[in-house]
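Here the structure is laid out as structure tokens; the discussion comes afterwards.
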Amino acid sequence: MSTRVEKPRSAEVDRAIRLRLYQLMVELRDFEQRAYELFLENLVRGTSHLALGQEAIAAGYAVAMRADDYTFCTYRGHGHTLARGASMAAAMAELLGRGNGMLHGKGGSMHLTDVSHGAMGSYAIVGAHLPIAAGAAWSAQARKSGQVAVCFFGDGTTNIGAFHEALNLAVVWKLPVVFVCENNQYMEYTPIRSVTAVEHPAADRASAYGLEPILVDGNDADVMYGTALRTIGKARDGGGPSLVEAVTYRHGGHSRADPATYRPEAEVREWLSRDPVKRYRERLLAAGVGEAELSEIDARAQQKVDAATEEARQGAPARVDEIERQVWSDGGSAWRN
Amino acid sequence: MAELSFREAIAAGIAQEMERDPLVYFIGEDVGAAGGVFKATVGLFERFGPERVRDTPISEQAIIGAAMGAAMTGLRPVAEIMFSDFLATCWDMVANQVAKTRYMTDGQVSLPLVIRTANGGGTRFGAQHSQSLENWAMAVPGLKVVAPSTPADAKGLLAAAIRDPDPVLVFEQKSLYGIKGEVPDGEHVDQLGTAAVRRTGQDCTIVALAAMVPKALAAAQQLESLGIDASVIDVRSLVPLDTRTILGDVRRTGWLFTVEENPRLCGWGAEIASIVADECFDDLDGPIVRITTPHIPLPAADVLEDMAMPSVDRIVETVKGGMR
């Protein structure tokens, strides 16, 4: 099957937006790097799934979204949540299990959510959030609000039933939803190509739902931004859903427990050379943005992460009186009289 | 008061709430022009149109997922899962997503949604279309669970479920769809978390749910002729659970029998037995006895299914034997 690969259309992206894309990618990169360092200090408990190397997808879409659009993401969702404007300190504190965490310690790394910024949740069961995102899009359609739901998921999700159920429903109901497959090429520890019937796990399935196959370079922020504008615009204009496959690579393992030794060294080297942050920095320099301006962005991002880390570390442990709160809308957990 | 069938009462409950609140939407398989395979939603499509009463594909994960995404963003959806057995195909959505998201986000997300489903046996459909699965739902924190036994309760509890700000599963015992009963005229909204004392007796307490309630009442009548005066309590709502009503009656009678359609292990009656044993042991005059379906998949043939499910005769014999 022939699948069209989108070419960068960088000329269409103006300078302010490009600097915003760069800034966001650097912030997400630095946040994830810091989260990793805090594991090593044993301050981040439980598991954590870093999106190092996948920043261009989160940044490209977030910058193209309207403030009231909805983001649905996976357990690898720190970046997507932060990209919508959620507090970095609250996210870091949640990773540290602190009372000042985004979810007061009740969700953890895999469930970062900030509804006030349209970050409608990080979902830790593969595939679950695709139908849920379709539901948010259905609500937007019913309320005629003009909102769009964007749903990010990994390549492994394309082999689970909920992916197919959600796509079919979204097309049949012509819902304003964009499904974005972040194909980082490994389903946990297994190469996706070895367990999938088609070469491009999302794009090659698009035609089964009457959708255009969209295969893009997920490590190119300009491409991602352009793709986001086009697919979100189509959804907002009543054109229905899109399915995007953004090819990328995670720089680390699946989760903190995974040293990722199953990946050939040459492959890792090759992909590190396509690091979306470095690559975009070089592109901006070549386009005439000054080194000083970029270094200033770099320094500010570091400061932001430092401040967030400090605020998180200052937080008291999660409050034990939270345990029985917020099962129900009355704020409690009573199940009997 | 008008006499309605249980299925008419379901449609009336949904219609009442759709009329009142334009954010109430109803989705499911064959629920549109077909009016539902059990004809429990006839007329809604004609009355509210194809946008608010919407057919779905056979995609239970998409049905519940869509209802959840809609509920967290401003709608009040009612989703139908045709047979409760099919909840197994979307249990991730129900148990992991719908039930837990409010808690995990510490209240950032509210999920005012209703999942209606046809539940239970007595229809000779075999083990994959006859299960009593209310206990699955009861076991998951974050889900409210009701199972009405009369047309009036079907309408009133469904309306209450739709107005409730939390996810509610409504289990409609499918052998009850045809029964008739008085339903209050005008707006009728009941209260979740309340049991109903259907019969007040002096000698023992029989606690039952959904289709087991009419059986327990018939058994109580026979027991009366044997000199045993039984209370019959219709649990109605498993979560929240009205333990006050149950404990109050057991304290008075000193005997507790539960009548459960579910297979034996971990039925709702076991939780009630545990609470009663913990909190009014000294008031008991004898052991608590649970009357359930054996721990088997439900068989299809009429003689087998009738033998497996609690019957009026089995209730009478068990109560009589237990109190001897």
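Projected label points at B:Asp30 and A:Ala197, each 7 Å from Cα along the beta carbon direction, are separated by 2.8 nanometres. Placing +1 on the Cβ of every Lys and Arg and -1 on the Cβ of every Asp and Glu, with no other charges, gives the protein assembly as shown a dipole of roughly 860 debye about its Cα centre.
Here's the list of aspartates and glutamates a cross-link from A:Lys174 could span, going by alpha-carbon distance under 15 Å and ignoring same-chain residues fewer than 8 apart: A:Glu165, A:Glu212, A:Asp237, B:Glu51, B:Asp55.
Exceedance of the 31 Å cut-off in Cα-Cα distance is limited, within the set B:Lys39/B:Lys215; A:Lys106/A:Lys304; A:Lys106/B:Lys144; B:Lys155/B:Lys320; A:Lys234/B:Lys39, to B:Lys155/B:Lys320; A:Lys234/B:Lys39.
With θ taken as phi - 60° and the Karplus curve 6.51 cos²θ - 1.76 cosθ + 1.60 applied, the whole-hertz 3J(HN,Hα) list for segment A:217-229 is 6, x, 9, 10, 5, 5, 4, 5, 5, x, 5, 5, 4 Hz, x standing for glycine and proline. For the residues of B:189-197, the average number of beta carbons from a partner chain within 10 Å of their own beta carbon is 1. Taking packing as the residue-averaged number of other Cβ atoms within 10 angstrom, the listed peptides B:177-186, B:81-90, A:206-215, B:112-121 run from highest to lowest as B:112-121, B:81-90, A:206-215, B:177-186.
For the peptides B:126-132, A:125-131, the ranking by mean Cβ contacts within 10 Å, running from highest to lowest, is A:125-131, B:126-132. Its relative contact order, with pairs defined as Cα atoms under 8 Å and 6+ residues apart, puts chain B at 16 percent.
Straight-line cross-link partners of A:Lys278 among the aspartates and glutamates, defined as a Cα under 16 Å from its Cα and at least 8 positions apart when in the same chain: A:Glu27, A:Asp30, A:Glu32, A:Glu55, A:Asp217, A:Asp220, A:Asp222, A:Glu270, A:Glu291, A:Glu293, A:Glu296, A:Asp298. Across B:Ala277, B:Ala308, B:Ala12, mean-square fluctuation computed from a Gaussian network of chain B (C-alpha pairs under 10 Å connected) peaks at B:Ala277. Computed from point charges on the beta carbon alone (+1 for Lys and Arg, -1 for Asp and Glu), the dipole magnitude for chain B about its Cα centre is near 140 Debye. Converting phi to 3J(HN,Hα) with the Karplus coefficients 6.51, -1.76 and 1.60 and the offset θ = phi - 60°, segment B:235-245 yields 5, 6, 10, 7, 9, x, 9, 8, 5, 4, 5 Hz in sequence order, with x at every glycine or proline. A Förster radius of 51 Å combined with the Cβ-Cβ distance from A:Ala67 to B:Glu182 puts the calculated FRET efficiency at roughly 0.45. The mean count of C-beta atoms from other chains within 10 Å of the C-beta of residues in B:93-106, rounded to a whole number, is 6. Amide H to amide H, with H built 1.01 Å from N, A:Val180 comes under 5 Å of A:Cys151, A:Phe152, A:Phe153, A:Val244, counting only residues 5 or more places away or on other chains. Amide H contacts under 5 Å for A:Arg336: B:Leu241, restricted to partners 5 or more places along the chain or on a different chain, H placed in the peptide plane at 1.01 Å from N. Peptide A:107-119 has a mean of 2 when you count, residue by residue, the C-beta atoms of other protein chains within 10 Å of its C-beta.
Once the Cα atoms are used to define both axes, helix B:212-225 deviates from the longest principal axis of chain B by about 20 degrees. Here the relative contact order of segment B:2-183, from alpha carbon pairs under 8 Å that lie six or more residues apart, stands at 28 percent. Net charge near A:Arg76, counting Lys/Arg +1 and Asp/Glu -1 over other residues with Cβ under 13 Å of its Cβ? Value of the local net charge: -4. Taking amide H atoms as placed 1.01 Å from N in the peptide plane, the amide H of A:Met187 lies under 5 Å from those of A:Ile192, each 5 or more residues away in sequence or on another chain. Taking the charge dipole of chain A about its Cα centre, with +1 at Lys and Arg Cβ atoms and -1 at Asp and Glu Cβ atoms, the residue from A:Leu112, A:Gly238, A:Asn219 reaching farthest to the positive side is A:Gly238. Here segment A:154-174 is scanned for amide nitrogen atoms under 12 Å from the site 7 Å beyond the Cα of A:Ala208 along Cα-to-Cβ, giving A:158-168.
Along segment A:277-283 the Karplus relation, 6.51 cos²θ - 1.76 cosθ + 1.60 evaluated at θ = phi - 60°, assigns HN-Hα couplings of 6, 4, 4, 6, 4, 5, 5 Hz to successive residues, with x for each Gly and Pro. Rounded to the nearest 10 degrees, the angle from helix B:6-20 to the longest Cα principal axis of chain B is 40 degrees.
Any read-out appearing in this document is the output of simple, stated calculations on the displayed coordinates, not a laboratory observation. In this text, all values refer to a predicted model and were calculated from it rather than measured experimentally. Please note: Cβ atoms are built from the backbone with ideal geometry, for glycine as well, and neighbour counts cover all protein chains shown.
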